[in-house]
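The next block holds one structure in the form of structure tokens; read it before the comments.
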């Protein structure tokens with residue numbers, strides 16, 4: 001798992017973005033290292049998602065502002081992120097390899 005914060009480059013998220021940036025780098029490297037084994041390696045980078053951890057400590061105005069960022073104008077859901085992961089590990093996702101899927105409602 002990564003985070004869309006890597007691409008957003010938000011102030012005060014430097015250490016967090018750096019740790020997830022390492023995950024993203026290792027995703028492609030590991031996919032290449034597992035060449036020939038029919039094993040895929042991908043990362044999912046969620047955007048703002050309505051989880052207890054995300055919502056905790058944020059006032060309503062902050063949550064609303066963050067929910068308005070994506071073109072879909074809402075927070076993601078844990079179920080929505082789980083569906084992306086389920087697709088990647090299913091036979092339907094077998095041709096996706098070494099990728100970071102930004103499941104974030106269209107935040108650039």
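The values are calculated or read from the model by the stated rules, or taken from the named source; none is laboratory data. Here the structure is a predicted model, which means the values were calculated and not measured. Quick reminder, even Gly has a Cβ in these numbers, built from the backbone with ideal geometry, and neighbours come from all protein chains shown.
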Practice problem: May I ask you to verify whether residue 39 is at pLDDT 95 or above, closer than 17 Å to residue 99 by Cα and part of a helix (DSSP H, G or I)? | Solution: no
Self-check item: Cross-chain or 6+ apart pairs with Cβ under 7 Å, region 1-21 first and in a helix (DSSP H, G or I), then loosely packed, with under 11 Cβ neighbours inside 10 Å and modelled with pLDDT under 95
Solution: 17/9
Practice problem: Return the total of residues in region 46-67 being more than 13 Å from residue 104 (Cβ to Cβ) and either in contact with a strand residue (DSSP E or B) (Cβ under 6 Å, 6 or more places away or on another chain) or loosely packed, with under 11 Cβ neighbours inside 10 Å (or both). | Solution: 7
Quiz item: Right, residue 71: loosely packed, with under 13 Cβ neighbours inside 10 Å and modelled with pLDDT of 95 or more or not?
Solution: yes
Quiz prompt | residue 18 in contact with a helix residue (DSSP H, G or I) (Cβ under 6 Å, 6 or more places away or on another chain) and either at pLDDT 95 or above or within 23 Å of residue 90 (Cβ to Cβ) (or both) | solution = no
